[in-house]
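The structure appears below as structure tokens.
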Amino acid sequence: MTDPRPGAALSEGGSLCAACAHTRVVTSAKGASFVLCGLSRTDGRFAKYPRLPVLACVGFEKLEEPRGAQGHQR
Ligand code: SF4
């Protein structure tokens, strides 16, 4: 199960993952949240669950919209 909202994992020490388009937040059945790197599916250089905080990353792509803004309706 994925949760697009910023979770506790994303607030980890100013990690680049918090603003990266490849980030997915996965929430376990026990409620713990983990950052999953989407690039890990196609590129072996990237860990599925990167060790946070990630301070430098060649795969970083800045999100166009702030996380959580998608789907906002008035
Ligand atoms: S590409 Fe780098 S910054 Fe982006 S989610 Fe993966 S590890 Fe984090």
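The values are calculated or read from the model by the stated rules, or taken from the named source; none is laboratory data. Here the structure is a predicted model, which is why all the values come from computation and not from measurement. A quick note on method: Cβ atoms are made from the backbone with ideal geometry, for glycine too, and the neighbour counts reach across all protein chains shown.
Pull out all pairs, ordered by first then second residue, where Cβ-Cβ is under 9 Å, the residues are six or more apart or on different chains, the first lies in segment 19-32 and is farther than 15 Å from LYS48 by Cα, and the second is loosely packed, with under 14 Cβ neighbours inside 10 Å and at pLDDT 95 or above. Pairs found: ALA19/LYS62. What are the residues in segment 32-60 that are closer than 10 Å to CYS20 by Cβ and not in a loop (DSSP other than H, G, I, E, B), if any? Within segment 32-60, VAL35, CYS37, GLY38, LEU39 qualify. Among residues of segment 33-46 that are in contact (Cβ under 8 Å) with a residue 24 or more places away in the chain, those with a Cβ under 7 angstrom from a residue that is near the ligand (Cβ under 7 Å from one of its atoms) and β-branched (Val, Ile, Thr), sequence gap 6+ or separate chain, pair up as VAL35/THR23.
Within segment 31-54, the residues that satisfy the criterion of being modelled with pLDDT of 95 or more and more than 13 Å from the chain's Cα centre (by Cα) are ARG41, THR42, ASP43, GLY44, ARG45.
Across segment 23-57, what is the number of residues that are of a type outside the set (Lys, Arg), within 10 Å of the ligand (Cβ to nearest atom) and either under 19 Å from ARG67 (Cβ atoms) or surrounded by 10 or more Cβ atoms within 10 Å (Cβ to Cβ) (or both)?
Of the residues in segment 23-57, the ones of a type outside the set (Lys, Arg) are 23, 25-29, 31-40, 42-44, 46-47, 49-50, 52-57.
From the residues that got through so far, the ones that are within 10 Å of the ligand (Cβ to nearest atom) too are 23, 35-40, 43, 46-47, 49-50, 52-57.
When the remaining residues are screened for being either under 19 Å from ARG67 (Cβ atoms) or surrounded by 10 or more Cβ atoms within 10 Å (Cβ to Cβ) (or both), the result is 23, 35-40, 43, 46-47, 49-50, 52-55, 57.
Count: 17.
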